[in-house]
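Colleague: The structure under discussion is supplied below as structure tokens; questions concerning it will follow.
Where a number appears in this text, it was derived from the coordinates with a stated rule and is not lab data. Worth saying up front: this structure is predicted, and the values here are computed from it rather than measured. Note: ideal-geometry Cβ built from the backbone for every residue, glycine included; neighbour counts use all protein chains shown.
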Amino acid sequence: MSLNIARSIAFSGLSATQVQISVASANIANADTTGYTKKTANQASSVTAGVGTGVTVTGITSTVDRLLLKSLIASNSDLGSADTLNSYLGSLQQLYGSTSSSGSTSTGTSLANTLASLESALSSLATTPSSSSLQSNAVSALDAVASQLRETSSGIQKLRGNADQDIASAVGSVNDDLTRIADLNTAIRQAAAAGQSTADLEDERNTALQDVSSQMDISYYTAANGDLQISTTSGQALVDSSAHTLSYTPASSVGASTSYGSGGFSGIVVNGVDITSQISSGKIGALVTLRDSTLPAVQSQLDTLATQLAASLNAVSNAQTSLPPPASLTGSASVSSSDTLSATGTVRLAVTDSSGKLVSSADLDLSSYATVGDLVGAINGISGLSASLDADGHLVIKAAGSGTGVAVSQMTSAVGSSGAGLSSYFGLNDLVTATGASDFAVRSDILSGTRSLPLATLESSATLSTGSTVVTSDAATVVDSLYQKLTGATSFAAVGGLSATTGSFADYAAAIVSNVASRASQASSTYTAKEAAQSTYANSLSSQSGVNLDEETANMSELQNKYSAASELIQIINTMFSALLTAVQSAG
């Protein structure tokens, strides 16, 4: 072997060691860089005509366990979903407040405790039903229930709106990553064609892939040309030769009736295909579930409580009247004059003075009237009364004389398929109004105090005498009936994940709060488990392909020794060259 070959070998070793030192330095510098994997400068011996001529660096690569990476990708989707559910259900639980009591005193902030406070106010009123202050307290307690129902419903819809907006943000994040991956595919192909290392570019691509997986569940593989191909789990392409970005438009407003099925929420679309139902995991999957299933379910529970509470309270109040009787009654039901009046039995309407003494009255046989308009006409035929339908289709009955009021006794009336009394059917003496929790409210004239609680009764005897007292207080009986409606056994159908049950309204409210707390607790437990699983995969991948500073430091020390040895070898060969030249010159 000539000295030239020896020097060439020494220089190749020195050059290879320089590359390895550079790679080791980069490994140490990027030890804490997210997604960075350990790089290795691969080398091979150079052979010419069967003779070793040194060493060459064949490339810089990283080794990533593909199975571990795939497991990490799947666990990222699971964790993204669990994290989102845990966050939202935690907020929902706070919205519902806490249920607690100490002895006979309710100290919680939940709807169950607010209903218990209403029970307490009615119980106090029952002992002194004529007390105006206690009546006011009862109305205030009922208004507190109404306010909490509305606020809770509003809070649920706000969470749904937030979920919808978060879907839009998550879609934007996915689109950024899909575009980045497509760009990196191109960069990796170009680098590979030029014989350059693609390891760092692959790290960036894997990081973007993990980001996508945290937002939605995906399938992926690496094509023969090195491109990363991504699709939904059902096969809709997200990245192939280019990025196929998602499109989504959040709703401008969200209410209890807004739904994806009815078109209130738009679909998540790619390539003209709605893939909303194809996304079952990741942050987006959880947000869709929350918006379209979980939160509507708890809203339906709240609506059931509100509508049944309204029906129960109004059933009592519509059997009564106020004293003094109000100058007018306005129903809550919306009807039209042409509506068929399917009714039987007799109803009594009376005009009285402020003390309840009779001015005029009439008993109407409801089977005589075919339509609501016919009934309105009949009421207009009663001396001292007028009737009409307002712009909203509400039945309005007014006492014509100054200082007089109108009172109703449902008698044997039965209207509609439910057979409700006439006052109940039209909502003439409703205590509260509600189509659901979102609009549950104490009747405005009762809340303002311009009309007293309906705690009196219109006489139902066969005949009435003008000037006689026909409206008398029945406060103790009415208050007791209201209390029994609240605390007695009411049947609630299965709804929103709650089983059918029978109990008081406070019991049902407590069951709703408990159901939400159970959902939140389960979400928290699931999040803890998914976080542990994801951490295990992440740590395993890091251990397999990440940078170990102790190993890299030891490697750097070894490379320094190799570099010194190669340098020393070059010096020795140079010395030998000098000696050879001197010998040749002396021989000449």
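Colleague: Which cross-chain or sequence-distant (5 or more) residues have an amide H under 5 Å from the amide H of G264, H modelled 1.01 Å from N in plane?
Modeller: Amide H neighbours of G264, under 5 Å, 5+ apart: S259.
Colleague: Separate question: Too long at a 19 Å Cα-Cα cut-off: which of K38/K562; K357/K485; K283/K530?
Modeller: Pairs exceeding 19 Å: K38/K562; K357/K485.
Colleague: Can you compute 3J(HN,Hα) from phi for each residue in region 207-221, using the Karplus curve 6.51 cos²θ - 1.76 cosθ + 1.60 with θ = phi - 60°, rounded to whole Hz and x for Gly and Pro?
Modeller: Computed from phi, the couplings for region 207-221 are 5, 5, 4, 5, 4, 4, 5, 6, 8, 7, 6, 9, 10, 7, 7 Hz.
Colleague: Please give the peptides 469-477, 333-341 ranked by average Cβ packing (other Cβ atoms within 10 Å per residue), highest first, as a rough proxy for protection.
Modeller: Ranking the peptides 469-477, 333-341 by packing returns 469-477, 333-341.
Colleague: Thinking of region 236-372 as a set of Cα atoms, what percent of all their pairs are more than 26 Å apart?
Modeller: 57
Colleague: Evaluate the distance, in nm, between pseudo-label points positioned 7 Å from the Cα of E151 and of S293 along their respective Cα→Cβ axes.
Modeller: Going from the E151 label point to the S293 one covers 3.1 nm.
Colleague: Relative to 2.2 N^0.38 Å, what does the C-alpha radius of gyration of region 129-196 come to as a ratio? Two decimals please.
Modeller: Ratio of Rg to 2.2 N^0.38 Å for region 129-196: 2.66.
Colleague: Could you work out how much longer the chain between S465 and S234 gets when fully extended? Use 0.36 nm per residue separation minus the Cα distance between them, nm to one decimal.
Modeller: Length gained, S465 through S234: 75.2 nm.
Colleague: Return the distance in nm (one decimal) between the two label points of a simple spin-label model at E558 and S173, each offset 7 Å from Cα along Cα→Cβ.
Modeller: Between E558 and S173, the simple spin-label model gives 4.1 nm.
Colleague: Here's another thing I want to ask about it. Where the convex hull is taken over the Cα atoms of the chain, what is its projected area averaged over directions, in nm²?
Modeller: Mean shadow area of the hull around the Cα atoms is 39.1 nm².
Colleague: Go ahead and collect, in residue order, the members of region 336-356 whose backbone nitrogen is under 19 Å from a label point 7 Å along the Cα-Cβ direction of T371.
Modeller: Zone members listed by number: 336-344.
Colleague: Fully extended, how many nm does the chain gain between T472 and N225 (0.36 nm per residue separation, minus their Cα-Cα distance)?
Modeller: Stretched fully, the T472-N225 segment lengthens by 79.7 nm.
Colleague: With the dipole of the chain worked out from charges on the C-beta (+1 for Lys and Arg, -1 for Asp and Glu) around the Cα centre, which of L201, V288, Y483 lies farthest toward the positive end?
Modeller: With unit charges placed on the Cβ atoms, the residue in question is L201.
Colleague: Mind giving me the FRET efficiency for R66 and Q571? R0 is 60 Å, r the Cβ-Cβ distance, nearest 0.05 is fine.
Modeller: Result of the calculation: an efficiency of 0.85.
Colleague: Charges at C-beta only: +1 for Lys and Arg, -1 for Asp and Glu. How large is the resulting dipole of the chain about its Cα centre, in Debye rounded to 20?
Modeller: Computed charge dipole of the chain: roughly 320 debye.
Colleague: Same structure, new question: Pop out the ³J(HN,Hα) list for region 333-341 in order, Karplus 6.51 cos²θ - 1.76 cosθ + 1.60 with θ = phi - 60°, rounded to Hz; leave Gly and Pro as x.
Modeller: 7, 9, 9, 10, 5, 8, 4, 5, 9
Colleague: How large is the helix-only mean residue ellipticity at 222 nm for the chain, computed as the sum of -39500 (n - 2.57) over DSSP H runs with n ≥ 4, divided by its residue count, in deg cm²/dmol to the nearest 500?
Modeller: Taking each H run of at least 4 residues, the total per residue is -17500 deg cm²/dmol.
Colleague: Could you give the length gained by full extension between T186 and S524, i.e. 0.36 nm per residue of separation minus their alpha carbon distance, to one decimal place?
Modeller: 117.5 nm
Colleague: Add +1 for every Lys or Arg and -1 for every Asp or Glu among the other residues with Cβ under 11 Å from the Cβ of A333, and state the total.
Modeller: -3
Colleague: If the cut-off is a Cα-Cα distance under 17 Å, which aspartates and glutamates reach K70, setting aside same-chain residues fewer than 8 apart in sequence?
Modeller: Within reach: D78, E202, D203, E204, D211, D217, D227, E531.
Colleague: I need the phi-derived Karplus couplings for region 288-294: 6.51 cos²θ - 1.76 cosθ + 1.60, θ = phi - 60°, integer Hz, Gly and Pro marked x.
Modeller: 5, 4, 4, 5, 9, 10, 4
Colleague: Continuing with this model, one more query. Between helix 475-487 and the chain, what is the angle of the helix's C-alpha long axis to the longest principal axis, kept within 0 to 90° and rounded to the nearest 10?
Modeller: The angle comes out near 30 degrees.
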